[in-house]
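Here's the structure, in structure tokens; my notes come after.
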């Protein structure tokens, strides 16, 4: 399923993103990614749908976006410990590895093994190097390997730009959860679900360029309907994966947002803002006023 890849790649890039600002890009565009104003009680903030990896030189920061950043009193990312890559890598190694695992190629059907070998070779690694990783972690690393062919980088992604702005302004930066919670969403899946995710990652790799270009184009225009449409393309997801990785986390995020006050700028992957049990609808159901402002 196309959107599974997009969210999968986004999650991995998010987890390993470096907290540094990108180089200056082209002049600001008139149209940009989706932003909502969210209000309830003493909370009057914003929710922004991000994309975590971008090509160099992409111009996405509109005047309206910059004005909102100036009004916000803090940044709230998906994970509170995003700015600690050493901790993130250590967590991934601890949670993603297990002894005595079967060879990676044995975890996919025979018909998919040639494609698996091609992906790892193109990414500069091997199935032997990935064999010590659990199936969910191996799928993440396969997505990262495929990312190399797209010529996109987490260094050019949205989060580093946001972190740089809020750090320069001396405003606090927090999170809705921890990176450990993100990895746990995958780590607690059954082996059967993990293997389905691994196989799906292999299947989607061949069309990754076209998929990424479609999602990037939609994101740049704030076209959430086009992003949501990707859910209808390709293989259907494992419901257990969708529940653990998206829906359950969205519900947890609502609980984290409910006690907030002030003017937070909340930035989460755009895939969390479309589809069933998306964050926008869940907030509305809890009595928040959520209004699209870009």
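The values are calculated or read from the model by the stated rules, or taken from the named source; none is laboratory data. Owing to the predicted nature of the structure, the values given are computational and were not obtained by experimental measurement. As a convention, Cβ positions derive from the backbone with ideal geometry for all residues, glycine included, and neighbour counts pool all protein chains shown.
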Inset, instruction - Provide a single number: the residues in segment 1-33 that are surrounded by fewer than 22 Cβ atoms within 10 Å (Cβ to Cβ) and either assigned to a loop (DSSP other than H, G, I, E, B) or at pLDDT 95 or above (or both). - result: 16
Inset, instruction - For residue 168, indicate whether it is farther than 20 Å from residue 105 by Cβ and without any contact (Cβ under 8 Å) to a residue 40 or more places away in the chain. - result: yes
Inset, instruction - Please indicate, with yes or no, whether at least one residue in segment 45-64 is assigned to a helix (DSSP H, G or I), out of contact with any helix residue (DSSP H, G or I) (no Cβ under 8 Å at 6 or more places or on another chain) and within 30 Å of residue 284 (Cβ to Cβ). - result: yes
Legend entry - Enumerated helices (runs of 4 or more DSSP H) restricted to segment 157-228, each holding at least 1 residues that are buried (at least 19 other Cβ atoms within 10 Å of the Cβ) and in contact with a strand residue (DSSP E or B) (Cβ under 6 Å, 6 or more places away or on another chain): 158-168, 179-187
Inset, instruction - Using the structure shown, decide if residue 100 is out of contact with any strand residue (DSSP E or B) (no Cβ under 6 Å at 6 or more places or on another chain), part of a loop (DSSP other than H, G, I, E, B), surrounded by fewer than 21 Cβ atoms within 10 Å (Cβ to Cβ) and modelled with pLDDT under 90. - result: no
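Residues 269, 222, 287, 275: which one is on the phi > 0 side of the Ramachandran plot and touching a helix residue (DSSP H, G or I) at 6+ places or on another chain (Cβ under 6 Å)?
Working: 269 fails: on the phi > 0 side of the Ramachandran plot; 222 fails: touching a helix residue (DSSP H, G or I) at 6+ places or on another chain (Cβ under 6 Å); 287 fails: touching a helix residue (DSSP H, G or I) at 6+ places or on another chain (Cβ under 6 Å).
Only one candidate qualifies: 275.
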Inset, instruction - For residue 107, indicate whether it is over 17 Å from the mean Cα position of the chain (by Cα), surrounded by 15 or more Cβ atoms within 10 Å (Cβ to Cβ) and free of Cβ contacts under 8 Å to residues at least 24 places away in the same chain. - result: no
Inset, instruction - Within segment 75-110, track down each residue that is in contact with a helix residue (DSSP H, G or I) (Cβ under 7 Å, 6 or more places away or on another chain) and closer than 20 Å to residue 265 by Cα. - result: 75, 77, 78, 79, 81, 82, 83
Inset, instruction - May I ask you to verify whether residue 145 is touching a strand residue (DSSP E or B) at 6+ places or on another chain (Cβ under 8 Å) and crowded, with 17+ Cβ neighbours inside 10 Å? - result: no
Inset, instruction - Kindly check whether there is at least one residue in segment 116-131 that is more than 23 Å from the chain's Cα centre (by Cα), surrounded by fewer than 17 Cβ atoms within 10 Å (Cβ to Cβ), closer than 26 Å to residue 244 by Cβ and at pLDDT 90 or above. - result: yes
Inset, instruction - Please find, among 230, 242, the residue that is touching a helix residue (DSSP H, G or I) at 6+ places or on another chain (Cβ under 7 Å) and more than 22 Å from residue 111 (Cβ to Cβ). - result: 230
Inset, instruction - Test each condition in (1) touching a helix residue (DSSP H, G or I) at 6+ places or on another chain (Cβ under 7 Å); (2) modelled with pLDDT under 95; (3) buried (at least 20 other Cβ atoms within 10 Å of the Cβ); (4) more than 24 Å from residue 255 (Cβ to Cβ) for residue 235 and report the one that comes out false. - result: (3)
